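Novice: The structure follows.
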Amino acid sequence: MLPDLPSTSDADALELATLERLVREVPVPSPDLPGWQSLTAREYAAAVHELADLLGTVAAALAAARAAA
Amino acid sequence: MRPSSASGGPGATGGSWPSVGGGGTIAVETDAMVQASHRLGLAQEAIAGVAGRTAACVSALAASERRNRAEAALALLRRADRQAATAAAGLRTAAIRYGTVEHAVLDGQRGIAAGLAALTGGTLRILMPVIGLGGTVIVAAGVVDLVAVLVVVRTVQRTAETGRIAPQADPVLLRALALVLASLDDGVRGALLMERAEDLVTNDPAGPFGTEQVGTLLAGLLLHPAGGPLSVVPTTRRAVSSPRSLTALADRLPDGHERAGQVRIERYAGEDGPRWIVYIAGTVTFARDSGDEPFDLASDVLGVAHRTSDSERAVLEAMRAAGIGADEPVLLVGHSQGALNAVRVAQDGGYLVGGVVQFGGPTGQVALPASVPVLAVEHDEDLVPVLGGTAASGAEGLRRVVVRRSLPDGGFGVVTSEATAAFPAHDLGAYRRTIAAAEAAGDERVVAFTGSIGPFLDGRQGTSTRWRARRVSPEPGRTADGGSVRRPNR
């Protein structure tokens, strides 16, 4: 569960919350490569999944930073 | 390996995205790769932006647990940035490599077609003493009948798929036609027992019985005689800003049916002297008796045959009359026959050609010098580009950047000019939409080409002049539109 939103007096926390939102809004493309069932398509799908997971971890890290003192 | 249709670099499915190839004709559909690469690039830009903002935030944080965690997030963000960039670049590389492989496949197709043609010709020759001339003709007719049956079967299949009888817009038949045209000379040489091994792997339109000789013969026998006097006069002149994109170049191509004329020449003063852009219209009439119209079918055939056509002479005369110096950079832009003229002028005109942009021209077989950047836009369903035969291969072919697109429903169902109603994939409007999509997609080869002709696309002020060309004959002749009165000059 994510930490509660920061109070408006904590500017750093507000900025971290904004960054967290921006990370979650990164337009990660679909892992599907229409028409291709090749090694290229599988590698692409793996790369996209890994990128999405990485961004999820970043968002969690930013949320943790926001919650930290 | 092949998903649904075609291209040599980035490719096009469903028709909404064009594909880009390093040259000639291309058969792999790599547009999905290019689109994915483009989207990954957008994601990477967003990640880089957040990373920059996060770095600024981290530096403002006091040393604390919060800062440590934020620094950890920043490190991960930078890793994501690198990963997205690597994946995007990898996809672009894969698309280009697939295109290269496809070139090899196409070369193989051409070799097989040439071999079959030579084998057929040679077999007929060998059979002739046995079965006589009559028997040989019957066997040859049987071969033609077999091909006709295959065409009919394919047309029926395609009609069942699309609900429309339009073999002239079937990419499979068009590809086959290109192979046949490129193999005719092999068949004749085979019949004369002159075919050599190297003839099977190279396509030489200028060789014995090649498309150039055949075209010259056809034009001489069947079409309006060329080489007579021409009148080439300026009709309108106005101030313009130079175009800023490839799409703008397409927008400025003249409609040869307009009274203002078939050629548009723009002059832009530069620090090093003037630069010029020459826009050349396509075929105005396909009538066998084309009257005073030099942009006719005879010029199409002669252009493919690499013989000086009346329309090519008209373009060169307009360029001379406009004052283009031999050492002044010229960008040539053409559609259909205009594309062919652009390539021939670049090849033989004696001008300092800084680039060629062509839409739907039968020009793939022509290899221009490496110093001339060439971008060709072709539709899979367009008959005209295949009329020159198969495209140049090897390094020469790969120099030619080709934007390919498969049009939905073969281009039918979209408003076209009257002249292209039966061949909507050849319509200039369709080509304009394709190049606009290619520019929007941001393919690096299109971007690189645009950069190579950048000095012509700088938006500076200049003048634009339209030129009208017509044949001049001593006696009153029919005009190309069928009238008995010659069109007045303006």
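Novice: Looking at the range B:326-364, which of its residues are in a loop (DSSP other than H, G, I, E, B) and closer than 17 Å to B:Ser299 by Cα? If you could, list the steps in order and put the result at the bottom.
Specialist: Restricting attention to the range B:326-364, the residues satisfying the condition of being in a loop (DSSP other than H, G, I, E, B) are B:326-328, B:336, B:349-351, B:360-364.
Residues satisfying the conditions are B:Ser336, B:Gly349, B:Gly360, B:Gly361, B:Pro362, B:Thr363.
Novice: Please verify whether the range B:202-221 includes one or more residues that are among the hydroxyl-bearing types (Ser, Thr, Tyr) and either in contact with a strand residue (DSSP E or B) (Cβ under 7 Å, 6 or more places away or on another chain) or farther than 30 Å from B:Asp186 by Cα (or both).
Specialist: no
Novice: Identify, please: which residue in the range B:337-353 is closer than 14 Å to B:Tyr279 by Cα and open to solvent by 10 Å² or more (accessible area, probe 1.4 Å) and is, among those, farthest from the chain's Cα centre (by Cα)?
Specialist: B:Val353
Novice: Looking at the range B:80-116, which of the residues that are among the β-branched types (Val, Ile, Thr) and closer than 30 Å to A:Gly56 by Cα is most open to solvent (accessible area, probe 1.4 Å)?
Specialist: Result: B:Thr86.
Novice: For B:Arg405, all conditions in the list (1) under 29 Å from B:Ala176 (Cβ atoms); (2) out of contact with any Pro (no Cβ under 7 Å at 6 or more places or on another chain) hold save one; what is the number of the exception?
Specialist: It is condition (2) that B:Arg405 fails.
Novice: Between B:Arg404, B:Arg433, which is in contact (Cβ under 8 Å) with a residue 12 or more places away in the chain and open to solvent by 10 Å² or more (accessible area, probe 1.4 Å)?
Specialist: Result: B:Arg404 is the single residue among B:Arg404, B:Arg433 that is in contact (Cβ under 8 Å) with a residue 12 or more places away in the chain and open to solvent by 10 Å² or more (accessible area, probe 1.4 Å).
Novice: Now, a different point. Hey, could you check the range B:56-72 for residues that are open to solvent by less than 60 Å² (accessible area, probe 1.4 Å) and at the interface with chain A (Cβ under 7 Å from one of its Cβ atoms) and say which is nearest to A:Leu14 (Cα to Cα)?
Specialist: B:Cys57
Novice: Still on this structure, I have one more. Which helices (runs of 4 or more DSSP H) does the range B:163-273 wholly contain that include 2 or more residues that are open to solvent by 30 Å² or more (accessible area, probe 1.4 Å) and polar (S, T, N, Q)?
Specialist: B:211-222
Novice: Pairs please, first residue from the range B:105-122 and farther than 18 Å from B:Val188 by Cβ, second anywhere and assigned to a helix (DSSP H, G or I), Cβ atoms under 7 Å, 6+ apart in sequence or on different chains.
Specialist: B:Gln109/B:Leu179
The values are calculated or read from the model by the stated rules, or taken from the named source; none is laboratory data. The structure presented is a predicted model; accordingly, all values stated were derived computationally and were not measured. Glycine gets a Cβ as well: all are built from the backbone with ideal geometry, and neighbour counts include every protein chain shown. Areas reflect the complete protein model, heavy atoms only, side chains present, ligands, DNA and RNA absent. Shrake-Rupley method; radii C 1.70, N 1.55, O 1.52, S 1.80 Å.
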